[in-house]
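To start, the structure under review is shown below, and the notes come after it.
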Amino acid sequence: MRRFIKIYMERPELAGIAFLILLALVFQVRSDGVFLGAQNLQGILGLLPEMALVAIGVTLLMICGEFDLSVGSVFALAPMVMGVLLADGVPFILAFPAGLLTALAVGLVNGVITVRFAIPSFITTLGMLFVARSLTVVISGGFPPVIPPDAMPRQLFIAFVGPGDMFRMSFLWFLAIAVLVALALSRTNFGNWVRATGGFLPAAQAMGIPTARVKIVCFMICSLLAGFAGTIQVMRLGAPLPSIGEGLELQAVAAAVIGGTALTGGIGTILGGIIGAVLIRVIDNGLVLSRVDANWFKLALGSLTILAVIVNAWLRKKARAMKVETD
Amino acid sequence: MRRFIKIYMERPELAGIAFLILLALVFQVRSDGVFLGAQNLQGILGLLPEMALVAIGVTLLMICGEFDLSVGSVFALAPMVMGVLLADGVPFILAFPAGLLTALAVGLVNGVITVRFAIPSFITTLGMLFVARSLTVVISGGFPPVIPPDAMPRQLFIAFVGPGDMFRMSFLWFLAIAVLVALALSRTNFGNWVRATGGFLPAAQAMGIPTARVKIVCFMICSLLAGFAGTIQVMRLGAPLPSIGEGLELQAVAAAVIGGTALTGGIGTILGGIIGAVLIRVIDNGLVLSRVDANWFKLALGSLTILAVIVNAWLRKKARAMKVETD
Amino acid sequence: QDEPMDIVFTHHSSASNPFWQAVKKGFDDACEKIGADCQMIFTQTEGAIDQQAANMITALAAGPDALITSIVDNTAFDQVIEQAVDQGVVVIAANVDDTEGAQGNARAAFVGQGFVPAGYALARKMSEFFPEEGPINAVVGISAPGQNWSEQRGQGVVNFLEEYKEQNPDREVEITRLDTGTDGAVVAERVGSYLNANPDTTAYFDTGLWHAYVAQVLADRGVEPGEVLMGGFDIVSEVLNQMEAGYIQVQVDQQPYMQGFIPVMQAYLAHNFDLAPADVDTGQGLVLQEDVPALKELAAEGLR
Amino acid sequence: MMEPVIEIRDLHKWYSGVHALKGVSLDVRPNEALGLVGDNGAGKSTLINILSGMQTADSGSIRFEGRPVHFENPRDAMDAGIETIYQYNSMVPTMSIARNMFIGREPLSASLFGIGVMDHRRMAEESMQALRDVDLHLRSPEALVGELSGGQRQGVAIARAMHFRSKVMILDEPTNHLAVKETQKVIGFVQSLKDNDVTTIFISHNIHHVFECCDRIVAMARGEIVLDRRADEVSMDDVLDVL
Amino acid sequence: MMEPVIEIRDLHKWYSGVHALKGVSLDVRPNEALGLVGDNGAGKSTLINILSGMQTADSGSIRFEGRPVHFENPRDAMDAGIETIYQYNSMVPTMSIARNMFIGREPLSASLFGIGVMDHRRMAEESMQALRDVDLHLRSPEALVGELSGGQRQGVAIARAMHFRSKVMILDEPTNHLAVKETQKVIGFVQSLKDNDVTTIFISHNIHHVFECCDRIVAMARGEIVLDRRADEVSMDDVLDVL
Ligand SMILES: Nc1ncnc2c1ncn2[C@@H]1O[C@H](COP(=O)(O)OP(=O)(O)OP(=O)(O)O)[C@@H](O)[C@H]1O
Ligand SMILES: Nc1ncnc2c1ncn2[C@@H]1O[C@H](COP(=O)(O)OP(=O)(O)OP(=O)(O)O)[C@@H](O)[C@H]1O
Ligand SMILES: [Mg+2]
Ligand SMILES: [Mg+2]
């Protein structure tokens, strides 16, 4: 039993779940029982996939040892490309992939510049944050394009499904992608390479891993997921605003770190990133329900974020100090 | 001669100067000679200290191996504390230090939480970004306090001085601080400890350096400089706005990285951080003068930032490949 | 005069804000009409007054003929504008003015409508939709706490509600301020959850246009239009759609196109014929459901 | 005498400001065990890093099995048949033993274009077996390499090289950090390579070890080769003298 | 017999899931050179890391010069008079040789509360001198440690320890990566320590080296001490047998 607890708590993503449950209880009380009500959960779950998809990509990339600050802009750019095409009468079947291809292209550029010139991805993607946002504004002319009502098969992405209409379709997409990426990271040789590349680049190279290609692919996956997430959001909101996703980059990194991903690479899990994203959304939601005044809102948000990581670190430390032979 | 070029170009901060000169020439042509005109230089130099001071602090902290995302918020918080006190009739001699002490306190909290709980400073300071901003809004009630006209000795900080009124007093403050911090980093044993702590923490600990204290001090210096920079800006603008400094954190990190500071710590110079800050200001200023269309503005900004780092990296690589025995 | 006029417009918003894109359109169109060399300078982050001030300083170095700017703070721009006026630049305030008007600032004239009055007008109009009796629970969504545009609009709304409370002592009026953010999805989620937890809410005021996305959440949940009154600022297609659907009752429209267009004309007259620029109120601009059809086309073209 | 497997001609390498290899030429013949010795900083690691694709030479040429080769990265060298244990940096500390053993050469249970599902079980079993072969008994294949003792870590690197033995094996100070028994295993391993048609380059500062398992001794000093003799034609003292 | 300098009693250390020290007790007497040997993973580094304050024990006690001590960090141990060369992680690769030599103990030309201006010239000169003392001739005190060869790096660590010799010296496999001459210097250094009233703990896998310079041999296996004898009472084979 102790052994079980130890193993369990040593995994940062699972320690995160403990904090999540604690938080849910507090919010449940503070919101007079609304927090865990069906409608509120439905609300949380409806929005979650968009942020969590971005967090998955960023987590993967961070495990690979790189950063992506441009996800927020790609989140806006990909659906904008789609939206502008749709508004021009291009059918969805072409416009949708065009948006995603744009996202892929951004990832490719990020990756190639970073790897080819050996510069920090922090700068490459910070630059790309501006460039992609600018492109979004340019192609839209500054105004959200008016998409014909039935141009998008919105049902495929945002319809409610499941018992009590608990989930949106987007949640299923998210689940499928999460499982896929998580498996790719933990079970395939590609995942092994990602971890090695981020864990210790010289060793990964010495062992013959094509680290440049691994990094570029991770950049592309990260961008693609951000673009896809943005597209889902636009389907849900109905119009591609040029301003969506601003500030998302820091949130996504925060989600990854809360979930135990190391900023230096090599360490982390997809599940952790997702739990981080859930925590961020839950904190946000719970604070609104707790009627925190506007001026104090960010204070509560900031403190709880820090607290989440402190509790995580503390649980893990306690677990490690348990004197049980595990292997 | 070749040896000289080689040594010169291998230093990333000096490679930055080369790019700066190139850029100045381009902007000079594109702006029909306005760029290097006295009035524009005055403008650049008048604004530079504020951002450069923040960059100095962030560079120091990054060399020490930690991050500070809360500088933008502290930039607003410190002068707001001062402003609110001044508006309440507290004399400047008390209000001014109160603001700076607040900044120091934020740095202390950042440092202690990061070190004590061994969590990534990315999270601590991201949380603090929200907390400090929230506090700024809370103490101001959301609106800039009205400071009595002569409550601040503005002349001490922002008066124009020098030949042709080229500089503001703030520039002298900045120079003095820059020299001080640069010397502290390169010539004192404290600087040695900072570099060791950021360069390789286990070794620094093994050699008996009080790494926790070194880190906390760096956090405090970083916050203090951000608070001081914000105070200068508020003196210049005349009112402590609760919203100033938003987005400054990424700019400051970008300045440090452009100037050759490694995101992983241990490597970098104060001069580099300053040159990075100058580059960012010059790019911004030059693009405005070049009348880049608003919608394309960020694209140009992003690309030039990336380009700056690419050129830097390239020059350094070329320099390293030069076959001259240097030592 | 042969030389084309050189006009610069600086303000406190970023390029991804559709409202300001509409201002830009008006600005660019006007410039084309008078054949002027024009530049609008956005900030990189929304509401960055410090960046705006920096941009003004830079722009002035190039010696423009006219400077159009929003004056979102009473003191921050005083010096720069005075310097500009000294340089002989025609300075016109657009969109927002010093709250002390001409006394507070050296600008020649103001085209637009203040934040506080706009908020006040919104709430006053909305009060006409309030239920006859029972308590009033109003929620004010501060999109960006600490940022002038948002705080002042919110303040205007709160000011009216406080007055309303005094005038109706028999009714319970409760005002809640929420930090709602400036991302449509987040606003929708936050306010949506709040309304869900507090179904007795009477009205939701947004200091931007993000209540349109809240409306969508309500529609999703099967909440009837009008159960929660909603109002906010600026016209975009999405807002018009939701007004048509009945979820949004009142919207403030400052006629952004006009705010971009008129100052150029005034600057032109001032520069070429020394005609003094005059204040122009771009309208109380309160849009109700019945105005929507007329507006839809204009909105799509970026004119309203 | 047989054609050399590796022919190195006039190799030069500059690090920024340091001339680390000053025209090194060397032939390595098939199946021989070549002991490379030399002072600290003589350029031994630099030389073999170039051979194994970790670094590129500034000038000079390498022929492998008679064909001129240009190894751009370690993968190229591995594909050609050169397996290397580096002096440093040969493990990813944040990964488990089993994963480290197989990085880049994971056994796949299903794959498409080279990407596929790893056979975890096989990785665990084979890695423990490989470790037992060097007399190391580690607690679990899932232990992180970063949490091993110095010798255990080195042992994993050795075990990997032994597991994936190739045409040419380069061992850069493989016995550092190793305890007595493990060291003997390594020396025995190098001796056994000859019988298995494997060419070996063995770098060590322990002259006894070199003489125990090598046929030929090459000594370097300050970026140049200063001695190249058959082991049975030279005494330990001769070698120590030139160093 | 004199009072022990260091008395270790029943030391236990757990890493997460590994019982690395299982009740170690050991007395180290003044001026003796104690050779600590043992299999890979026996717990040698763990033991001396606790002695030097890098890690803390889970239970057990340490007395230093008769007083109970609790070293929370390496600084405490250094202040008490224990100087250590660690098996790993003893250098900051991004800093110059001169700076590395003096980290934490910079010679200051002016100071206030312990913070002051470093005497760069003295650091450069003394560090080069210290390196020459271990027979290493490096190009410049400004070269980065990360750009040195493996042996050069180890040499810098040795030079530092020799320069700052203290009451107790702990050397964890100091001769790894070192060439022949440098190794001899280190052994000579350990021998000379006795005459200078310095107590030494010397860890090595090279039994010859241990016997060459130590008075007493302690062998560890699986977290316990399995042999503790005076060097002149035991033969190499006896030691090899218990390993
Ligand atoms: N990355 C580097 N940058 C600069 N100089 C380097 C670098 N790597 C090695 N050197 C220098 O090149 C020379 C040869 O180094 P190398 O590592 O090849 O020596 P070695 O013979 O392997 O020594 P050792 O026995 O100590 O491992 C040394 O003077 C060393 O300082
Ligand atoms: N950080 C750590 N986390 C978990 N286990 C560890 C850690 N460090 C060491 N160990 C384990 O503790 C045991 C003792 O390790 P230690 O480093 O003390 O061995 P050692 O005697 O110095 O071996 P070597 O001769 O190989 O250096 C080993 O089994 C090792 O795997
Ligand atoms: Mg070597
Ligand atoms: Mg050890």
(request) Take chain E, connect every pair of alpha-carbon atoms lying under 10 Å apart with a spring to form a Gaussian network, then pick out the residue of E:THR94, E:THR84, E:THR183 with the largest mean-square fluctuation. (result) E:THR94
(request) May I have the extent of the alpha carbons of region E:52-151 along their three principal axes, as whole Å values ordered from largest to smallest? (result) 46, 37, 24
(message) From the helices alone, meaning DSSP H stretches of at least four residues, give me the mean residue ellipticity at 222 nm for chain E, per-run term -39500 (n - 2.57), in deg cm²/dmol to the nearest 500.
(response) -9500 deg cm²/dmol
(request) Give the Debye-formula value of log10 I(q)/I(0) at each listed q (0.12 Å⁻¹), with one equal scatterer per alpha carbon of region A:250-327, two decimals each. (result) -0.42
(message) Given the rotation that superposes chain B on chain A, what residue of B brings its beta carbon nearest the axis, and what is the distance in Å?
(response) B:THR264, 3
(message) Going 7 Å from Cα along the Cα-Cβ axis for the label, what nanometre distances separate A:ALA24 from the same residue across the other copies?
(response) 6.1
(request) With a length cut of 30 Å (Cα positions projected on each helix's long axis) and a Kyte-Doolittle mean of at least -1.0, go through chain E and give me the DSSP H helices that pass. (result) none
(message) Output needed: percent of Cα pairs per 10 Å distance bin for the protein assembly as shown, bins running from 0 to the one holding the longest distance.
(response) 1, 8, 15, 20, 19, 15, 10, 7, 4, 1, 0, 0
(message) Let me understand region A:201-292 better: what is its radius of gyration from the alpha carbons, and its Dmax, in angstrom?
(response) 16.8, 55
(request) Return the percentage of antiparallel bridges among DSSP beta bridges fully within the protein assembly as shown, rounded to the nearest 5 %. (result) 45
(request) Calculate how many DSSP beta bridges within chain D are antiparallel, expressed in % of all such bridges and rounded to the nearest 5. (result) 60
(request) Once the label point is placed 7 Å from Cα along Cβ, list for B:LEU101 the distances to the corresponding points in the other copies, in nm, shortest first. (result) 6.4
(request) For E:LEU21, enumerate residues with amide H under 5 Å from its amide H, sequence gap 5+ or separate chain, H modeled in the peptide plane. (result) E:LYS13
(request) Go ahead and collect, in residue order, the members of region C:46-80 whose backbone nitrogen is under 15 Å from a label point 7 Å along the Cα-Cβ direction of C:ASP37. (result) C:59-67
(request) Mind jotting down a quarter of the surface of the convex hull over the alpha carbons of region C:192-232, in square nanometres, one decimal? (result) 2.5
(request) If a cysteine in the protein assembly as shown has no other Cys Cβ under 4.7 Å from its own Cβ, put it on the list, ordered by number. (result) A:CYS222, B:CYS222, D:CYS213, D:CYS214, E:CYS213, E:CYS214
(request) Please name the residues of region C:15-64 whose accessible area, counted over protein heavy atoms with a 1.4 angstrom probe, falls by no less than 50 Å² between the chain alone and the full protein assembly. (result) C:SER16, C:PRO18, C:GLN21, C:GLN39, C:GLN44, C:ASP50, C:ILE57, C:THR58, C:ALA61
(request) Considering the rotation that carries chain D onto chain E, locate the chain D residue whose Cβ comes closest to its axis and report the distance in whole Å. (result) D:ASN176, 2
(request) Please work out the FRET efficiency for the pair E:ARG230 and D:ASP238, using the Cβ-Cβ distance as r and a Förster radius of 35 Å; give the result to the nearest 0.05. (result) 0.40
(message) Placing the label point 7 Å from Cα along the Cα-to-Cβ direction, what are the distances from B:ASP165 to the equivalent spots in the other copies, shortest first, in nm to one decimal?
(response) 6.6
(request) Pop out the Kirkwood hydrodynamic radius of region C:174-304 from its pairwise C-alpha distances, inverse of mean 1/r, in Å to one decimal. (result) 16.2
(message) Using only alpha-carbon positions, what ratio does the radius of gyration of chain D give when scaled by 2.2 N^0.38 Å?
(response) 1.02
(request) Quickly work out the C:GLN79-to-D:GLN184 label distance, labels modelled 7 Å from Cα along the C-beta direction, and quote it in nm with one decimal. (result) 8.2
(message) Of the candidates D:ARG160, D:ARG132, D:ARG105, which one comes out as most mobile in a Gaussian network treatment of chain D with C-alpha springs shorter than 10 Å?
(response) D:ARG105
(message) Let me make sure I get this right: for region A:97-188, a, b and c are the square roots of the gyration tensor eigenvalues over alpha carbons, sorted descending. Under 1.5 in a/c it's rounded, otherwise prolate if a/b > b/c, else oblate. Which is it?
(response) oblate
(request) Kindly identify region B:34-92 as rounded, prolate or oblate by the Cα gyration tensor criterion: order the square roots of the eigenvalues as a ≥ b ≥ c, call it rounded if a/c is under 1.5, otherwise compare a/b with b/c, prolate if a/b is larger, else oblate. (result) oblate
(request) Can you tell me how much longer the chain between A:LYS318 and A:VAL90 gets when fully stretched, taken as 0.36 nm per residue apart minus their C-alpha distance, in nm with one decimal? (result) 76.3 nm
(request) Quick one: divide the alpha-carbon radius of gyration of region C:9-48 by 2.2 N^0.38 Å and tell me what you get. (result) 1.18
(message) Treating only the Cα positions of chain C as identical point scatterers, give the base-10 log of I(q)/I(0) from the Debye formula at each q in 0.09, 0.13, 0.15 Å⁻¹.
(response) -0.45, -0.88, -1.10
(request) Using a/c under 1.5 as the rounded threshold, could you call region B:2-326 rounded, prolate or oblate? The axes a ≥ b ≥ c are square roots of the C-alpha gyration tensor eigenvalues, and prolate needs a/b larger than b/c, oblate otherwise. (result) oblate
(message) If R₀ is 56 angstrom, what is the calculated FRET efficiency for the pair C:MET265 and A:LEU101, using the beta carbon separation as r and rounding to 0.05?
(response) 0.80
(message) If you restrict to DSSP beta bridges whose two residues both lie in region C:195-304, what percentage is antiparallel, to the nearest 5?
(response) 25
(message) Taking R0 as 51 Å, what FRET efficiency do you get between D:GLU125 and B:ALA18 from their Cβ-Cβ distance, rounded to the nearest 0.05?
(response) 0.35
(message) Compute a Gaussian network model of chain D, connecting alpha carbons closer than 10 Å, and tell me which residue from D:LEU136, D:LEU108, D:LEU11 fluctuates the most.
(response) D:LEU108
(request) Report the label-to-label distance for A:LEU25 and B:VAL29 in nanometres (one decimal), using points 7 Å from each Cα along the Cα→Cβ vector. (result) 7.0
(request) Please give the per residue accessible area of region A:53-207, computed with a probe of 1.4 Å over protein heavy atoms only, in Å². (result) 33
(request) Over chain C, give the accessible area per residue in Å² for a 1.4 Å probe, as an integer. (result) 33
(message) Using the basic label-point model (7 angstrom from Cα toward the beta carbon), what is the D:ASP79 to D:ILE115 distance in nanometres?
(response) 1.9
(message) Using only alpha-carbon positions, what ratio does the radius of gyration of region C:34-167 give when scaled by 2.2 N^0.38 Å?
(response) 1.28
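The values are calculated or read from the model by the stated rules, or taken from the named source; none is laboratory data. Bear in mind the structure is a predicted one, so any value in this text is a computation, not a measurement. Because the Cβ atoms are built from the backbone with ideal geometry, glycine has one as well, and the counts that use them run over all protein chains shown. Ligands, DNA and RNA are excluded from the accessible area calculation, which covers all protein heavy atoms including side chains. Shrake-Rupley method; radii C 1.70, N 1.55, O 1.52, S 1.80 Å.
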